[in-house]
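Visitor: Below you will find the structure I want to go over with you.
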Amino acid sequence: MRRRGVSLAAALLFSFPAGLLFMAAQGPPTANEDEQFNGRWDIKTSEERSRAWWLEIENAGTPTPKGKFITAFSGDLNGIEEISIKNGTLRFGWTRQEHPSPGAELVVRKLVYTAKLVNGKLQGAFEVEGSNQPLEWTGVRAPMIKDTDDGTWQEGMPIELFNGENMTGWVSWDGREPVGWSVKDGALASTGRGQDIVTQQKFWNFKLHVQFRLAQHSNSGVALRNRYEVQILDDYGRPPNAHSAGALYSRIAPSENASKPASEWETYDIRLVGRQVTVVFNGKKVIEKGVIDGLTAMAHDADEGKPGGIALQGDHGPVEFRKITITPLMH
């Protein structure tokens with residue numbers, strides 16, 4: 001995952017469905033009621049093919065609320081620049097200066113998110129200020145997941161997710177036929193302009209073995225439960241960070257960069273139990289029982305408390321996968 005070439009404001013300004021109604025508040029909310037905004041929220045939008053978002057709010061009910069936010073449009077876990085809670089309405093966003101097109105004058109745009117609490121959910125809207133084209137969204141509290149990788153989980157029967165011959169068992173992330181992918185020389189290959197694809201089968205706790213090969217300067221990812229991306233990136237020899245190969249994208253940095261040069265086959269051995277993830281990258285353990293706080297920008301499935309598929313990213317450069325094996329873990 002990385003930032004896309006099209007700016008967030010430019011990409012969204014002309015694409016949102018119109019219309020949003022909020023339920024009326026029953027009198028001015030108290031500070032205690034404002035505290036109900038605190039916590040982590042998994043978000044779905046009204047746009048049919050949109051990815052999931054994630055929001056964390058702290059210090060609601062005080063003069064200094066703060067928050068963090070993830071959307072697919074920027075890709076990163078961003079600290080919120082501007083945030084307020086007034087009369088029962090959460091309002092946050094960013095101010096951006098950008099050139100809409102090469103050579104165009106600099107334009108200042110405000111990206112505005114608002115929400116109210118309705119029956120325990122966030123009912124909200126997003127728009128580029130002045131566009132009058134809001135995108136509706138709904139946030140539910142992220143679930144508490146009690147499973148931990150405590151050594152008590154038993155391995156089930158391994159399942160081959162790719163048969164080496166065709167794309168049986170895989171669909172585009174929106175459930176349609178995959179675009180931009182093919183099977184070549186026993187490998188599942190994306191041209192670099194393919195959609196993200198996901199298994200039709202869904203899983204909860206598991207071990208996952210994946211072999212992959214990148215073209216030079218390419219970028220991809222494996223999304224666990226179709227929510228949590230382990231980054232794939234051509235960054236051989238660079239210092240590790242939260243966007244490096246082997247990272248839980250924008251959330252957990254690997255302890256080292258274990259990448260091989262582009263065009264060589266590489267391996268991930270990943271273990272996911274509850275919110276704890278362990279990543280072994282080309283035989284080196286780079287994340288050990290790291291705690292996943294929430295969704296990453298590759299997430300298409302916001303229902304964190306349910307099993308999810310294994311997704312592969314296909315729109316950031318040529319990439320191939322082979323030998324994709326999952327082993328369910330159970331008590």
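Throughout, read-outs are computed from the coordinates displayed, never taken from laboratory work. Nothing here was measured: the structure is a model prediction, and the numbers come from that model. Ideal geometry is used to build each Cβ from the backbone, glycine not excepted, and the neighbour counts take in all protein chains shown.
Visitor: Going by how many other beta carbons lie within 10 Å of each one, how would you line up S218, S182, fewest first?
Guide: Working: S218 18, S182 13.
In order of increasing Cβ crowding within 10 Å: S182, S218.
Visitor: Using label points projected 7 Å from each Cα along Cα→Cβ, tell me how many nm separate Q97 and I145, to one decimal.
Guide: 4.1
Visitor: So how much slack lies between E47 and E105, counting 0.36 nm per residue of separation and subtracting their Cα-Cα distance, in nm? Walk me through the intermediate numbers first.
Guide: Numbers: separation 58, 0.36 × 58 = 20.88 nm, distance 3.02 nm.
Full-extension gain reported as 17.9 nm.
Visitor: Can you give me the long-range amide H partners of V107? Hydrogens built in the peptide plane at 1.01 Å from N, cutoff under 5 Å, separation of 5 or more residues or another chain.
Guide: E98, H99
Visitor: Using a simple spin-label model with points 7 Å from Cα along the Cα→Cβ vector, what separation in nm is obtained for T168 and Q200?
Guide: Computed distance between label sites T168 and Q200 equals 1.0 nm.
Visitor: How many nm is it between the label spots at E58 and S131, if each spot is 7 Å from the Cα in line with the beta carbon?
Guide: Once both label points are built, they end up 3.0 nm from each other.
Visitor: Also: Any chance you could list the semi-axes, whole Å, largest first, of the equivalent ellipsoid that the Cα gyration tensor gives for the chain, using √(5λ)?
Guide: On the way: eigenvalues 244, 112, 67 Å².
That gives 35, 24, 18 Å for the three semi-axes.
Visitor: Still on this structure, please answer the following. Order by neighbour count: S50, S220, fewest other Cβ atoms within 10 Å first, most last. The partial results should precede the final answer.
Guide: Numbers: S50 18, S220 29.
The most exposed by this proxy come first: S50, S220.
Visitor: Mind checking which aspartates and glutamates have their Cα closer than 12 Å to the Cα of K184? Skip sequence neighbours fewer than 8 apart in that chain.
Guide: Cross-link targets: E165, E320.
Visitor: Taking neighbour Cβ counts within 10 Å as the exposure measure, how do T64, T327, T296 sort from fewest upward? Walk me through the intermediate numbers first.
Guide: Details: T64 8, T327 16, T296 30.
Lowest count first: T64, T327, T296.
Visitor: Using a simple charge model, +1 on the beta-carbon of Lys and Arg, -1 on the beta-carbon of Asp and Glu, nothing else, what dipole does the chain show about its Cα centre, in debye to the nearest 20? Let's see the in-between values first.
Guide: Numbers: 37 positive and 40 negative charges, 19 e Å.
The calculated dipole for the chain is roughly 100 debye.
Visitor: Looking only at N257, N226, N87, which one moves most when the chain is put into a Gaussian network model with springs between Cα atoms under 10 Å?
Guide: N87
Visitor: Starting from 0.36 nm per residue, how many nanometres of slack lie between I159 and S263 once their C-alpha separation is accounted for? Before the final figure, lay out each step's value.
Guide: Details: separation 104, 0.36 × 104 = 37.44 nm, distance 2.66 nm.
Computed gain between I159 and S263 is 34.8 nm.
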